[in-house]
Amino acid sequence: MALKALIGERIMNDVVRQVKTKSKWKILVLDRLSVRIISSCCKMKDIIDEGITLVEDLTKTRQPMPAFEVVYFVTPCKDSVEHIIDDFVDDRKYKHVHIFFTDSCSDPLFKMLCQSNVSKYIKSLKEVNIAFLPYESQVFTLDCPDSFEAIYSPGHTDKRDKCMERVAEQLSTLCAVLGEYPSIRYRQEGEKSLLLAQLLQSKLDGFKADKPDMGEGPDKSRSQLIILDRGFDPVSVLVHELTYQAMVQDLLPISNDVYKYENQQQPGQPEKQVLLDEDDDLWVSLRHEHIAVVSQKVTSHLKSFAKEKRMDSGEKTTMRDLSNMLKKMPQYQKELSKYSTHLHMAEDCMKQYTDRVDKLCKVEQDLVMGTDAKGNHIKEPMKSVVHILLDKDVQPFDKIRIILLYIVLKNGIPEENLKKLIHHAEISEADQASIRNFNHLGVTIVNNENRKKSGPKLERREHEATYQLSRWVPIIKDIMEMAIDDKLDQRLFPFLSGRGSGSGSTSVKSARYHWHKDKGPSDYKSGPRLIIFVIGGMSCSEMRTAYEVTKRLRDKGDKWEVLIGSTLVAKPVSFLEDVSRLTKTISFRD
């Protein structure tokens, strides 16, 4: 079962259907994280069918409804608990209360609830252990964009530990809901990876104590969770990727995964808005394809659909022809609009590629590979870099990406050379922070002494390239494959002390409350899982590798499943903006 489907089922069973009331109807109140979780994996129709008459925002002003029982599905944080308490200060806003926390509630917050007026009306209180966002069938995020600054900014060291504790708590709920007690590995070079690994192990031991059979079952002892910090591979968040999903997220003005475009079927009408998610089977089939074949495949799908419905499509592939088909067959508006969306979106991507990206790709690929398309070593990479930096038509952020890729190739450059590159590119003083602050991610930027990296290095695997401008393969793919093949260097990615490959069981005693003892995951059988977690953002190309590795293994009859997650999905430009803010004084939201 895909991750989104599993979480959707858990929420329906453990939250929505859990509350039985005399009245048919009840109110559902959500906070920021829970509304995102439910939106990602539940349909509103299914929720209404289970007796939810109204879904409301915890933080907004709500009308009292004392005749109805309320279901709070919220994060166990001070802000959310105070909002619940405030609903019952003067008078009861609802008849009875059912509280479902996304994860474990701390002693002080539990005490606050018990000592408040709301305690008189609480009929049920439970931790459901879903404090993450199932983004795709094999991808999850913790939906905490503020964490990047808290974890990596040198000015937020006081907030780092608290933030890492929260990340560990959220990550532990993923393991709990999957029934996994994996061996934890971390990137040896990154101190943040080790800290999170230790925090996570402590959380998992608590879950294991409550539910001793967690992580038990055929092959489950082989499951691993590998923690990486963003500095392990800066290239994959900087290089222009030419697969469909990556281009859409990098080059088009996508906000919250919504694509907007002009409605050509109805001129003068508001622009169309389309959510790019897994309810769109065409999006799922195309998102990892190279842009060179996307338009052809959309047209092919359209022709197959037209043939199936006995519509005379002929060679029709243009927007105008599609519009005419829609007028003749209005009953197929939903399906034809889907094809129209993807023809529009692929066309937008190709326009961006032709106008600004094409000239960058060869230079980028040569830099990150260290060789040209024929395998010849790049002797003077600076020449091609300067050519791009002097081009007035290249956008500043694209120049910054090129400079950073060159610096990564060289393992840092002298300060004097960096200043020259910045001068050639005419990078503003404010934007220079996007380059220099990569140092806070563990990436060497200034290297005045030409120091070489010492110690063991990850040996890259060879990958066959279909397209010359898409030769780079994210390092994470090699890590996935080597971990599953039991060939990942333990000097680079050690197991947490006391755990190792195949050591799926341990004896721990519960130090947790018994009032949430029955919260454990439902029985969910599968083969071993490899869970990769990146602190500070994952790129679309890295997300794609989880599917590629899983498919390769499944095609061979192996049951492994690879899941990948992060604190957020990193889009190149917004990622650079986040990096630039690391040295600015910006308040971090608790």
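Screening Val298, Val274, Val284 for residues that are modelled with pLDDT of 95 or more and of a type in the set (Val, Ile, Thr) leaves exactly one candidate, Val284. Within segment 158-191, the only residue that satisfies the criterion of being out of contact with any Phe, Trp or Tyr (no Cβ under 9 Å at 6 or more places or on another chain), open to solvent by 20 Å² or more (accessible area, probe 1.4 Å) and closer than 29 Å to Pro456 by Cβ is Glu191. When you check Arg499 against the structure, is it open to solvent by less than 50 Å² (accessible area, probe 1.4 Å), modelled with pLDDT under 95 and either over 18 Å from Glu189 (Cβ atoms) or touching a helix residue (DSSP H, G or I) at 6+ places or on another chain (Cβ under 7 Å) (or both), yes or no? Judged against the criteria, Arg499 is a match.
Consider Asp158 against the criteria (1) farther than 27 Å from Asp14 by Cα; (2) within 11 Å of the chain's Cα centre (by Cα): it satisfies all of them except one. Which criterion is unmet? Here Asp158 clears every test but (2).
Table: residues versus (1) open to solvent by 50 Å² or more (accessible area, probe 1.4 Å); (2) more than 28 Å from the chain's Cα centre (by Cα); (3) acidic (Asp, Glu); (4) at pLDDT 90 or above.
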residue: Met311; (1), (2), (3), (4): no, yes, no, no
residue: Ser323; (1), (2), (3), (4): no, yes, no, no
residue: Tyr339; (1), (2), (3), (4): no, no, no, no
residue: Glu347; (1), (2), (3), (4): yes, no, yes, yes
residue: Asp355; (1), (2), (3), (4): yes, yes, yes, yes
residue: Cys361; (1), (2), (3), (4): no, no, no, yes
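For segment 200-224, a residue qualifies if it is touching a helix residue (DSSP H, G or I) at 6+ places or on another chain (Cβ under 7 Å) and under 14 Å from Phe495 (Cα atoms), and the qualifying residues are Leu200, Gln224. Residues in segment 17-45 that are within 22 Å of Cys175 (Cα to Cα) and of a type in the set (A, V, I, L, M, F, W, C) were compared, and the one that is most open to solvent (accessible area, probe 1.4 Å) is Val35.
Note on segment 69-101: among residues that are closer than 17 Å to Ser124 by Cα and open to solvent by 60 Å² or more (accessible area, probe 1.4 Å), the one that is modelled with the lowest pLDDT is Arg92.
Determine, yes or no, whether Leu194 is closer than 19 Å to Leu488 by Cβ, surrounded by fewer than 20 Cβ atoms within 10 Å (Cβ to Cβ) and not aromatic (Phe, Trp, Tyr). Yes.
Among the residues of segment 363-386, those that are open to solvent by 70 Å² or more (accessible area, probe 1.4 Å) and either closer than 20 Å to Leu242 by Cα or not in a helix (DSSP H, G or I) (or both) comprise Met369, Lys374, Asn376, His377, Lys379, Glu380.
When Val118, Val139 are screened for being under 25 Å from Thr173 (Cα atoms) and open to solvent by less than 30 Å² (accessible area, probe 1.4 Å), only Val139 passes.
The values are calculated or read from the model by the stated rules, or taken from the named source; none is laboratory data. Keep in mind it's a predicted model, so treat the numbers as computed, not measured. Positions of Cβ are generated from backbone atoms using ideal geometry, with glycine treated the same way; all protein chains shown enter the neighbour counts. Side chains included, ligands, DNA and RNA excluded: accessible areas come from the protein's heavy atoms. Shrake-Rupley method; radii C 1.70, N 1.55, O 1.52, S 1.80 Å.
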